[in-house]
Amino acid sequence: MNLIERWNAAMGPKDERIDAEMNRCNTRGYYVLLAGTALVAYYGLMLNQVSDTTDTPIYTAVGQSLVSPSGLLIFVILASALVTLWLEVRAGITDNHTRMATVDTVPWDFCVIIGLISGAALGIVTTLMRIVAELQIVGIDYVTWGGDVAMGIVYFLLAFVIGTFATAGVFSAAIRRRQELERELDEEA
């Protein structure tokens, strides 16, 4: 049994109503990502075109005052993720599996697992990317192995703390919103 099948077995069956609502939220976030990425790519294309037609290199002092396409792309990615998250929390959704969709308190064990996964992913990727960057820029003789590992540890700790408490905050907000929606339905009935 692979990891995803084990995860689904532990989390329980999916609620079809919640699954449909999550898909709606994810679709809106995807549209923000798609449109934003297309606009950023077109902006980057226009920067290069103007640079080429005016014989003005971008990677000089002139380019320091430009809005970076990579910075804009990071903004678009974060915006699409936050739109999706906001829509799900507003709908009172935390997960489409019944085990997490029906909790009435923050599942701290789950939040810690998410924090550990987030921390490990960011710590390992940060360490490896720093090493790859240093190998390309300064060569193997000047790679600061200990510093790169230390930076990975710091990023692990940051992502662990932020991942754990952000997940707990999302659960808390979604639980409150779901309870509000349930009270509204009870009052209407």
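Details
- Conditions (1) over 30 Å from Leu185 (Cβ atoms); (2) out of contact with any Lys or Arg (no Cβ under 7 Å at 6 or more places or on another chain): number failed by Met151: (2)
- Count of residues meeting criterion [of a type in the set (A, V, I, L, M) and part of a loop (DSSP other than H, G, I, E, B)] in the range 31-87: 4
- Exclusive hit being surrounded by fewer than 19 Cβ atoms within 10 Å (Cβ to Cβ) and within 21 Å of Thr27 (Cα to Cα), set Ile117, Ile162, Ile77, Ile113: Ile77
- Residue match in the range 80-96 (condition: surrounded by fewer than 15 Cβ atoms within 10 Å (Cβ to Cβ) and not hydrophobic (A, V, I, L, M, F, W, C)): yes
- The sole residue among Ile131, Ile175 that is part of a helix (DSSP H, G or I), over 18 Å from the mean Cα position of the chain (by Cα), touching a residue at least 60 places away in the same chain (Cβ under 8 Å) and crowded, with 16+ Cβ neighbours inside 10 Å is Ile175.
No value in this document is a laboratory result; all are computed from the given coordinates. Source: prediction; values computed, not measured. So basically every Cβ, Gly included, is an ideal-geometry build from the backbone, and we count neighbours across all protein chains shown.
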